[in-house]
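Peer 1: Quick one: this structure, given as structure tokens, is what I'll be asking you about.
The values are calculated or read from the model by the stated rules, or taken from the named source; none is laboratory data. Predicted model, so just to flag it, every value in this text is computed and none were measured. Ideal geometry is used to build each Cβ from the backbone, glycine not excepted, and the neighbour counts take in all protein chains shown. The protein model used for the area step is the full one, side chains on, heavy atoms only, and it has no ligands, DNA or RNA in it. Shrake-Rupley method; radii C 1.70, N 1.55, O 1.52, S 1.80 Å.
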Amino acid sequence: MARRIAAGAAYGGGSIGLLGVAAVGVVLAEVQLAKRNVGGGVAPLPPGADGLYGRSFAASDPGSGPLRLALLGDSTAAGQGVRRAGQTPGALLASGLAAVAERPVVLRNVALPGARSDDLERQVSLLLSAPSGPPDVAVIMIGANDVTHRMPATESVRLLAAAVRRLRTTGAEVVVGTCPDLGTIEPVYQPLRWMARRVSRQLAAAQTIVVVEQGGRTVSLGDLLGPEFAANPREMFGADNYHPSAEGYATAAMAVLPTVCAVLGVWPETDRLEPDRHEDMLPVAKAAAEAAKEAGTEVTGARAPWALLKHRRRRRLAEPAPAPDPATSPEEVHRP
């Protein structure tokens, strides 16, 4: 199915149907019930986290400028659901990258809560119009709203592929956190939970195929991100039972950070495959399907039509990143 979705996007195909007609009535009833339960609390607007992280590293190596990190996508990329800037995925990734690379990192986040893949063109244009130029690495998290708003999967992945292609032509590395598993949202009941999981995974696999074709890498967000979400929903979801909590975003950052570091050549681990960790070289579609099943799995292109399936070790960040406020955190962040 993922291969069909990707092919439909490439050759202008229409929507790929995922639901049988007989199931529509039951699913629509479940959707209405889920809407009454999800979002019962209030998710605060995402705090601004743009700025310079790892300022102390500039003094140790003044000859090298800061790395430029950009985030694009929806509310997950923006960090909606937490109140402190240091708890957002952008701040966590920027501080983690600075620590690994031992270089300052400039973060710019253009993600928009509620965005679907059709907003990526605007976000990429906004990012590339900045005087600082294109980023060294761009992280995109998108797809959940495409599923909930029933955007055709072929259109969704076509728009994502176009955004990745634009960024890659500027020389930026691209890491995409694929569509999360919406079946982990606690108030969603069967059979909608099963359908949400199925559609989410199919979109995530299709996203992987087109991103790898454009020279990017993907990390499966799966159940946001790992079995912790399914096992500890009270801790991992925020006040509205939909957006991640601070702990949830920290888990997401730990899954994506190794790949962000790897594309920049600063991750200390070897790239050799480890069979005991179920790493392998597979056809792209097969690797995409396998990655969609297991959160935190990286897929990167090899020689076409092959791709590397990797399970990079997730390391917990030493400390939560402080909010980008020079008055209270002079060493870590400088607000432009």
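Peer 1: Looking only at residues that are farther than 24 Å from Met254 by Cβ and aliphatic (A, V, I, L, M) in region 115-133, which one is farthest from the chain's Cα centre (by Cα)? Spell out how you get there, then give the answer.
Peer 2: Of all residues in region 115-133, those farther than 24 Å from Met254 by Cβ come to 116-133.
Next, only the ones that are aliphatic (A, V, I, L, M) stay: 120, 124, 126-128, 130.
On the way: Leu120: 13, Val124: 15, Leu126: 19, Leu127: 17, Leu128: 20, Ala130: 22 Å.
Only one residue tops the list, namely Ala130.
Peer 1: Could I ask something else about it? Exactly one condition in (1) more than 18 Å from Trp267 (Cβ to Cβ); (2) open to solvent by 10 Å² or more (accessible area, probe 1.4 Å) is false for Ala101; which is it?
Peer 2: Of everything listed in (1) more than 18 Å from Trp267 (Cβ to Cβ); (2) open to solvent by 10 Å² or more (accessible area, probe 1.4 Å), Ala101 misses just condition (1).
Peer 1: Does region 164-186 hold any residues that are out of contact with any strand residue (DSSP E or B) (no Cβ under 7 Å at 6 or more places or on another chain) and in contact (Cβ under 8 Å) with a residue 60 or more places away in the chain, and which are they?
Peer 2: Listed by number, the residues that qualify are Pro180, Asp181, Ile185.
Peer 1: For region 270-288, enumerate the residues that are open to solvent by 40 Å² or more (accessible area, probe 1.4 Å) and either at pLDDT below 80 or touching a helix residue (DSSP H, G or I) at 6+ places or on another chain (Cβ under 6 Å) (or both). Reasoning before the result, please.
Peer 2: Kept after step one, since they are open to solvent by 40 Å² or more (accessible area, probe 1.4 Å), are these residues of region 270-288: 270-273, 275-278, 280-281, 283, 286.
Answer for region 270-288, where residues must be open to solvent by 40 Å² or more (accessible area, probe 1.4 Å) and either at pLDDT below 80 or touching a helix residue (DSSP H, G or I) at 6+ places or on another chain (Cβ under 6 Å) (or both): Thr270, Asp271, Arg272, Leu273, Pro275, Asp276, Arg277, His278.
Peer 1: I'm trying to understand the selection: among the residues of region 252-268, which are part of a loop (DSSP other than H, G, I, E, B) and in contact (Cβ under 8 Å) with a residue 24 or more places away in the chain? Give the steps one after another, and end with the answer.
Peer 2: Filtering region 252-268 for residues part of a loop (DSSP other than H, G, I, E, B) gives 264-268.
Those that are part of a loop (DSSP other than H, G, I, E, B) and in contact (Cβ under 8 Å) with a residue 24 or more places away in the chain: Leu264, Val266, Trp267, Pro268.
Peer 1: May I ask you to say which residue of Leu107, Leu120, Leu112 is under 30 Å from Arg198 (Cβ atoms) and in contact with a Leu (Cβ under 8 Å, 6 or more places away or on another chain)? Write out each step before concluding.
Peer 2: On the way: Leu107 fails: under 30 Å from Arg198 (Cβ atoms); Leu112 fails: in contact with a Leu (Cβ under 8 Å, 6 or more places away or on another chain).
Only one candidate qualifies: Leu120.
Peer 1: Moving on. Could you grab me the full set of residues in region 136-159 that are in contact with a strand residue (DSSP E or B) (Cβ under 6 Å, 6 or more places away or on another chain) and open to solvent by 10 Å² or more (accessible area, probe 1.4 Å)? If you could, list the steps in order and put the result at the bottom.
Peer 2: The initial filter retains those residues of region 136-159 that are in contact with a strand residue (DSSP E or B) (Cβ under 6 Å, 6 or more places away or on another chain), namely 136-142.
Passing the criteria: only Asp136.
Residues are listed down the side, and each one gets a yes or a no for (1) on the phi < 0 side of the Ramachandran plot; (2) open to solvent by less than 20 Å² (accessible area, probe 1.4 Å); (3) over 16 Å from the mean Cα position of the chain (by Cα); (4) free of Cβ contacts under 8 Å to residues at least 40 places away in the same chain:
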residue: Gly65; (1), (2), (3), (4): yes, no, yes, yes
residue: Ser75; (1), (2), (3), (4): yes, yes, no, no
residue: Gln80; (1), (2), (3), (4): yes, no, no, no
residue: Ala91; (1), (2), (3), (4): yes, yes, no, no
residue: Ala94; (1), (2), (3), (4): yes, yes, no, no
residue: Leu97; (1), (2), (3), (4): yes, yes, no, no
residue: Pro113; (1), (2), (3), (4): yes, no, no, no
